[in-house]
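Below: the structure, in structure tokens.
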Amino acid sequence: MHLQQGIRDSIAWGWTLDGVYSTRSAYRFEFKGSFGLFRSDLIWRAQVENKCKIFAWILVQDKILTAHNLQKRGWPHQEHCVLCNGPLETGLHLCLCCPFAKAVWNQVISWENLPELQSQPQADPVHIKAWWEETARKVPTSE
């Protein structure tokens, strides 16, 4: 910053377009990059029943009472997935990675005739939000 003789000093907030400070802009600056943005419209604009939208929202927020979340709270829980006797039950495992969930998804893809999704790689997803957005890109808008 260079100060110039005869020109009045002014303070401008550099994190808004108009240079005016607001608490909102300070919070946005503070948390910028600390969490990824999820396209929640993929859930709320879906043409499904509201109970499905609410379940999907709770799922992507990782608030479903799976064994993993029960364990974090110190509540009684199973030490493995009761469907496949596999790893600790998480929302991701229960809805995408469990062999039973994969069988259900394969049936849905077949019934709905979505060849775009049949060609998905077989590797298990790491994050449900990323899977949701990637899958939404592959499904035609009309669907």
Alpha-carbon Debye profile of the chain, log10 I(q)/I(0) at 0.09, 0.12, 0.15 Å⁻¹: -0.46, -0.68, -0.92
Which of Leu117, Trp105, Gln61, positive extreme of dipole for the range 41-138 (C-beta unit charges): Gln61
MRE, 222 nm, helices only [DSSP H, n ≥ 4, -39500 (n - 2.57), over the chain, to nearest 500]: -11500 deg cm²/dmol
Separation of the Arg45 and Thr16 label points, Cα + 7 Å toward Cβ, nm: 2.9 nm
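Values in this text are rule-based calculations from the coordinates and carry no lab data. Just so it is clear, the structure is predicted and the values come from calculations on it, not from any experiment. FYI the Cβ positions are ideal-geometry reconstructions off the backbone, even for glycines, and counts take in every protein chain you see.
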